[in-house]
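Trainee: One structure is given below, represented as structure tokens, and several questions about it will come after.
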Amino acid sequence: MRVVIAEDQALLRAGLKRLFEDAGHDVAAGVDDADRLRAAVSEHEPDLAVVDVRMPPSFTDEGIRAAQWIRDAHPQTGVLVLSQHVESAGAVDLVSQGGFGYLLKDRVLDVAEFLDAAVRVADGGSALDPKVVASLVGRERDALEVLSDRERQVLSLMAEGLTNSGIAQRLVLTERTVEGHVRSVLMKLNLPGGEDAHRRVLAVIVYLRASSGAP
Amino acid sequence: MIRAWTRPIVWVLVAATLLLVALSLGVDAARGTRPDLGSGFVLALVAVLLPLGVLVTLRQPANPIGWIFLGVAVTVGLGGLAGGYADYWSSGEGGSDGLGKLAAWYTSSSWIPWVLIPATFLLLLFPDGKLVSSRWRPVAWSAGIGIGLALVTGLLTPGPLEDYQQVQNPYGVDSGIIGVLTGLAFLLVMIGIFGSISSLVLRYRRGDRELREQIKWIALAGGLVAVVVPVGTATYELVGEVVANSAIELSILTLPLAAGVAILRYRLYEIDLVINRTLVYGVLTAGLGGIYAAVSLGLGVAIGSGSTLPTAAATLAVALLFRPLRANIQAAVDKRFDRARYEGLRKVEHFLGELRAGRAAPEETGRVLADALGDPRLEVLFWLPAEGVHVDATGRAVRDPAAPGRMRTPVRRGNLQLATLVHDKALGRRPNLLESVIAAAGLAIEISRLRAEVRRRLAEVEDSRARIVTAGDAERRRLERDLHDGAQQRLVSIGLALRHVQGLLPPGGEAATEVDATVTELTDAIEELRELARGVRPAGLDDGLSTALQELAARSPLRTTVEATDERFEDRVETAAYFVASEALANVIKHARATAITVSANTRNGSLVVSVRDDGIGGAAASNGSGLVGMGDRVAALGGRLRIDSTPDAGTVVTAELPCG
């Protein structure tokens, strides 16, 4: 796939570029601020934009705003936002739109999982950092008491954006078993089912976000 | 300052005087004579001098004037007793010859000390007991030697005694030198008296307002004596001995009274009113008396004596003229003596009394001055030399007011400028009124200035405390940024580089496994760094207090509910609120054995109220959670307050109110 990287720290930008290239992907551009990111995305129309949250000039939420712009202007481009910390209410909003990922920066050190998530987002799927998911699930202890431990595990992995096969791999279960847990979770939480894995993931994220009271 | 021996001496003198007076009353009683004018005067003089002497000596032991009062009281008492006994003996009713002669001898000269000492030293040393300057020492010596010499020569003059012509001076020295010495004594005493009066005039010229008020009292009494004594003496035959003597003696009594008022500063500033009234009624009495005499004499001559008509007509004339005459004289005197000044001073004095009694606040000084000076827009601006600014009574700096028609008058104490009065220009044309009222209110102005200064300093300290907290917050934010964007990213870059190296190595080999383990270590380090940064300042605060509190609750091991407003506040308010909640939450988790926690943050009456409520064992206090003490300081620095309500077995509520208007 074709990737555009926006990261203001040169060393990290170079590291990310090499990471994607080592995995056989094509890095079309590496830029260091939000304006250049917009220009690069418009020019290259990549499959994926990897975006740092804090970028010049104000180092607050340039990345988030640029990410939203990409989703609106170039819906075919998946956006993977990288952040230094767990907290970011806006991120969950973005992820619940699909074709979006929000990961902590150090996730890149877990190369295989990171690339998995990147490919998934480029394909229109989702990726939400396990820490963020844990925080969301943590806030909803009461509502999630109807689920069994295993079902909560499955719910968390769904929220992270994993497909059934991904979950099966992670939990070392058969895909059929996972399928059963997923159905049970959706039923207990009264969520819409269906065949589309992405949609089910989004439903879970929307559920967590809504019930957590996040704005 | 009262020295140890002051009190005993004072009371011995008082006791001696009273004993002498009692003995002389006893002598009169034994003779069965009714007390006459002479003994009445002695009593009156003692009644005035003793209390004044006691008051002045006890308050100002170093001031000789109090001692002069007491000394004069003793000599008056002694003279009275001697006179009584001499009368008793000389009338032939009884008594021993030796004692009788001695009494008569002393009585004849006893007036010398008590008349001459007040006439010289009282004026010379008034009011503080010190000479104007050392150049006046010859006057003091002249008076002292003259009085001593006069007493000695008086006692030694041969021939019949002055008051008892039938008695020959038992100690008379028949020598021409006595006559010469008597003349010398007279000269020295005259130098003493006129020198003392000159020194008093000089004192008045050089004196400040208060000293002048004090001297005015003495001058009033002196003027009274100067008028009454010659008039009384001249009309001795006309009005009779009783009236003339009473008037003279009463006028003399006003001298120590005036001196006492001036020295003790009791109603000091009413001198103008007293002079005013004295003048009005003195002139009125003289005028009416003149009219009465003219009418009755004129008609008496015309009609012939023996008729009651002249008397009736004179009385009628006086009765008719009394009111218009009084009004005219009063107006004339008021024009000469400033009434507004008297009223202004009276208001200030009244205010000072209320201030001392705690019924008025020093902050009212401005209002009182505005009232006393009759300028409702008057302002008192206190000068703070250290800062070089004027402030009002609340301590707020006041810009230089250059309003048209306004004038500025500095208020000083010594060389120090205390304040500036901003007042109407019209007041500037009455410097006497302005100066008197300002001087009278000096203490109140100084007190309110000090209070304004304290207020200002306190406000500065509060501001700087708030600034320190804000600066601390900014520093935390910077540190958090540095950790996240600097160290953490650098570690991630290194991790990526290691992963790249790992990819170049043969998979599954020892080197690749080592690198993999190193990256795992690195991931842990990054995680620790992230926790550290969160402790410094949670990044969630950037998204608002509500978000930050939600995230705080999500990390809590206990069931924690958040009810927080989505409103945004000043950064330092949100930061303080967050840390209060975070600290309280940590305390609950550590100590309270609670099962559920509610964190709430809402606005109430212009304050952000943050509370953390638990259902634990209670009994918490700020002392056993030192973190809460620090939070209390942080909250107080923002002008808020922290409260801990904790009852055993009923949980704890920590509440912080932070002003956010």
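Trainee: Of the residues B:Arg568, B:Arg593, which single one is on the phi > 0 side of the Ramachandran plot, basic (Lys, Arg) and either touching a residue at least 24 places away in the same chain (Cβ under 8 Å) or more than 14 Å from chain A (Cβ to nearest Cβ) (or both)?
Mentor: Result: B:Arg593 is the single residue among B:Arg568, B:Arg593 that is on the phi > 0 side of the Ramachandran plot, basic (Lys, Arg) and either touching a residue at least 24 places away in the same chain (Cβ under 8 Å) or more than 14 Å from chain A (Cβ to nearest Cβ) (or both).
Trainee: Continuing with the same structure: Can you name the number of the only condition in (1) more than 18 Å from A:Asp123 (Cα to Cα); (2) buried (at least 19 other Cβ atoms within 10 Å of the Cβ); (3) of a type outside the set (Val, Ile, Thr); (4) at pLDDT 90 or above that A:Gly63 fails?
Mentor: So the condition that A:Gly63 fails would be (4).
Trainee: If the Cβ limit is 6 Å and pairs must be 6+ apart or interchain, which residue in segment A:38-64 that is over 21 Å from A:Asp116 (Cβ atoms) pairs with which residue that is of a type in the set (D, E, K, R)?
Mentor: A:Met55/A:Asp8; A:Met55/A:Asp33; A:Met55/A:Glu62; A:Pro56/A:Asp8; A:Pro56/A:Asp33; A:Gly63/A:Asp52
Trainee: Let me ask something additional. Among the numbered criteria (1) within 25 Å of B:Phe126 (Cβ to Cβ); (2) of a type outside the set (D, E, K, R); (3) in a helix (DSSP H, G or I), which single criterion is violated by B:Gly80?
Mentor: Evaluating B:Gly80 over (1) within 25 Å of B:Phe126 (Cβ to Cβ); (2) of a type outside the set (D, E, K, R); (3) in a helix (DSSP H, G or I) leaves (1) as the failure.
Trainee: Has segment B:522-542 got at least one residue that is out of contact with any Phe, Trp or Tyr (no Cβ under 9 Å at 6 or more places or on another chain), of a type outside the set (Asp, Glu), more than 14 Å from chain A (Cβ to nearest Cβ) and more than 30 Å from B:Ala397 (Cβ to Cβ)?
Mentor: No.
Trainee: Anything in segment A:113-136 that is of a type in the set (Ser, Thr, Tyr) and outside any helix (DSSP H, G or I)? List them, or say none.
Mentor: The first filter runs over segment A:113-136 and keeps only residues of a type in the set (Ser, Thr, Tyr), leaving A:126, A:135.
Of everything in segment A:113-136, just one residue is of a type in the set (Ser, Thr, Tyr) and outside any helix (DSSP H, G or I), namely A:Ser126.
Trainee: Something else about it: Kindly indicate whether A:Leu103 is outside any helix (DSSP H, G or I), within 12 Å of chain B (Cβ to nearest Cβ) and of a type outside the set (Phe, Trp, Tyr).
Mentor: Spelling it out, A:Leu103 is indeed outside any helix (DSSP H, G or I), within 12 Å of chain B (Cβ to nearest Cβ) and of a type outside the set (Phe, Trp, Tyr).
Trainee: Also: Would you mind finding the one in B:Thr547, B:Thr560, B:Thr603 that is within 14 Å of chain A (Cβ to nearest Cβ) and not in a helix (DSSP H, G or I)?
Mentor: Exactly one residue qualifies, and that residue is B:Thr560.
Trainee: Would you check if B:Glu657 is of a type in the set (D, E, K, R), at pLDDT 90 or above and within 44 Å of the chain's Cα centre (by Cα)? Lay out the reasoning, then the answer.
Mentor: Working: of a type in the set (D, E, K, R): yes; at pLDDT 90 or above: yes; within 44 Å of the chain's Cα centre (by Cα): yes.
When the stated conditions are applied, B:Glu657 passes them.
Trainee: Quick one: what pairs do we get from segment B:6-35, first residue more than 25 Å from B:Ile68 (Cβ to Cβ), second polar (S, T, N, Q) and surrounded by 14 or more Cβ atoms within 10 Å (Cβ to Cβ), C-beta under 7 Å, 6+ apart or different chains?
Mentor: B:Asp28/B:Ser39
For (1) more than 25 Å from A:Val51 (Cβ to Cβ); (2) of a type in the set (Val, Ile, Thr); (3) within 14 Å of chain B (Cβ to nearest Cβ), each residue gets a yes or a no:
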{"site": "A:Asp110", "(1), (2), (3)": "no, no, yes"}
{"site": "A:Val119", "(1), (2), (3)": "no, yes, no"}
{"site": "A:Pro130", "(1), (2), (3)": "no, no, yes"}
{"site": "A:Leu144", "(1), (2), (3)": "yes, no, yes"}
{"site": "A:Arg150", "(1), (2), (3)": "yes, no, no"}
{"site": "A:Glu179", "(1), (2), (3)": "yes, no, no"}
{"site": "A:Arg199", "(1), (2), (3)": "no, no, no"}
{"site": "A:Leu208", "(1), (2), (3)": "no, no, yes"}
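Trainee: A:Ala73 - would you say it is in contact with a strand residue (DSSP E or B) (Cβ under 6 Å, 6 or more places away or on another chain) and either away from every other protein chain (no Cβ under 14 Å) or surrounded by 22 or more Cβ atoms within 10 Å (Cβ to Cβ) (or both)?
Mentor: Criteria not met by A:Ala73.
Trainee: Which ones in segment B:572-600 are part of a helix (DSSP H, G or I), touching a Lys or Arg at 6+ places or on another chain (Cβ under 8 Å) and of a type outside the set (Phe, Trp, Tyr)?
Mentor: B:Glu574, B:Thr575, B:Ala576, B:Val580, listed by residue number.
Trainee: What helices (runs of 4 or more DSSP H) completely inside segment B:429-509 contain at least 2 residues that are within 14 Å of another protein chain (Cβ to nearest Cβ) and surrounded by 14 or more Cβ atoms within 10 Å (Cβ to Cβ)?
Mentor: Those helices (runs of 4 or more DSSP H) span B:442-481, B:489-504.
Trainee: If B:Val519 passes every condition in (1) more than 9 Å from chain A (Cβ to nearest Cβ); (2) at pLDDT 90 or above but one, which one does it miss?
Mentor: That leaves (1) as the condition not met.
Trainee: Same structure, new question: Taking the condition of being surrounded by 16 or more Cβ atoms within 10 Å (Cβ to Cβ) and assigned to a helix (DSSP H, G or I), how many residues in segment B:156-183 meet it?
Mentor: 4
Trainee: Test A:Ala214 against the criterion of being modelled with pLDDT under 75 and within 14 Å of another protein chain (Cβ to nearest Cβ), and give yes or no.
Mentor: Yes: the conditions hold for A:Ala214.
Trainee: Looking only at segment B:14-33, count how many residues are surrounded by 14 or more Cβ atoms within 10 Å (Cβ to Cβ) and in a loop (DSSP other than H, G, I, E, B).
Mentor: Matching residues across segment B:14-33 total 1.
Trainee: Still on this model: For residues that are more than 14 Å from chain B (Cβ to nearest Cβ) and out of contact with any Ser or Thr (no Cβ under 6 Å at 6 or more places or on another chain), scanning just segment A:82-97, find the one that is surrounded by the most Cβ atoms within 10 Å (Cβ to Cβ).
Mentor: Among those residues, the one meeting the criterion is A:Ser96.
Trainee: Let me ask you something else. Among (1) touching a residue at least 12 places away in the same chain (Cβ under 8 Å); (2) under 30 Å from B:Gly66 (Cβ atoms), which single condition is B:Ala226 missing?
Mentor: Of the numbered conditions (1) touching a residue at least 12 places away in the same chain (Cβ under 8 Å); (2) under 30 Å from B:Gly66 (Cβ atoms), the odd one out for B:Ala226 is (1).
Trainee: Go over the candidates A:Val31, A:Val41, A:Val53 one by one and state the one that is in contact with an Asp or Glu (Cβ under 9 Å, 6 or more places away or on another chain), among the β-branched types (Val, Ile, Thr) and more than 11 Å from chain B (Cβ to nearest Cβ).
Mentor: A:Val31
Trainee: Out of segment B:96-122, which residues are crowded, with 20+ Cβ neighbours inside 10 Å and not in a helix (DSSP H, G or I)?
Mentor: The answer is B:Ser110, and nothing else.
Trainee: Taking A:Val92, is it within 26 Å of B:Leu529 (Cα to Cα), out of contact with any Pro (no Cβ under 6 Å at 6 or more places or on another chain), modelled with pLDDT under 90 and in a loop (DSSP other than H, G, I, E, B)?
Mentor: no
Trainee: Collect the residues in segment B:341-375 that are hydrophobic (A, V, I, L, M, F, W, C) and surrounded by fewer than 16 Cβ atoms within 10 Å (Cβ to Cβ), keeping them in residue-number order. Step through it out loud before you land on a result.
Mentor: Step one: of segment B:341-375, the residues hydrophobic (A, V, I, L, M, F, W, C) are B:345, B:348, B:351-352, B:355, B:357, B:360-361, B:368-370, B:372-373.
Across segment B:341-375, the qualifying residues are B:Ala357, B:Ala361.
Trainee: Here is a further query. Within segment A:20-31, take every residue that is touching a strand residue (DSSP E or B) at 6+ places or on another chain (Cβ under 7 Å) and outside any strand (DSSP E or B) and give me the one that is surrounded by the fewest Cβ atoms within 10 Å (Cβ to Cβ).
Mentor: Start the filter on segment A:20-31 by keeping residues that are touching a strand residue (DSSP E or B) at 6+ places or on another chain (Cβ under 7 Å), which leaves A:20-21, A:25-31.
Of the ones still in play, those that are also outside any strand (DSSP E or B) are A:20-21, A:25.
Details: A:Phe20: 21, A:Glu21: 13, A:His25: 20.
Among residues in segment A:20-31 that are touching a strand residue (DSSP E or B) at 6+ places or on another chain (Cβ under 7 Å) and outside any strand (DSSP E or B), the one surrounded by the fewest Cβ atoms within 10 Å (Cβ to Cβ) is A:Glu21.
The values are calculated or read from the model by the stated rules, or taken from the named source; none is laboratory data. As the structure is a prediction and not an experimental result, all values here were calculated from the model. Quick reminder, even Gly has a Cβ in these numbers, built from the backbone with ideal geometry, and neighbours come from all protein chains shown.
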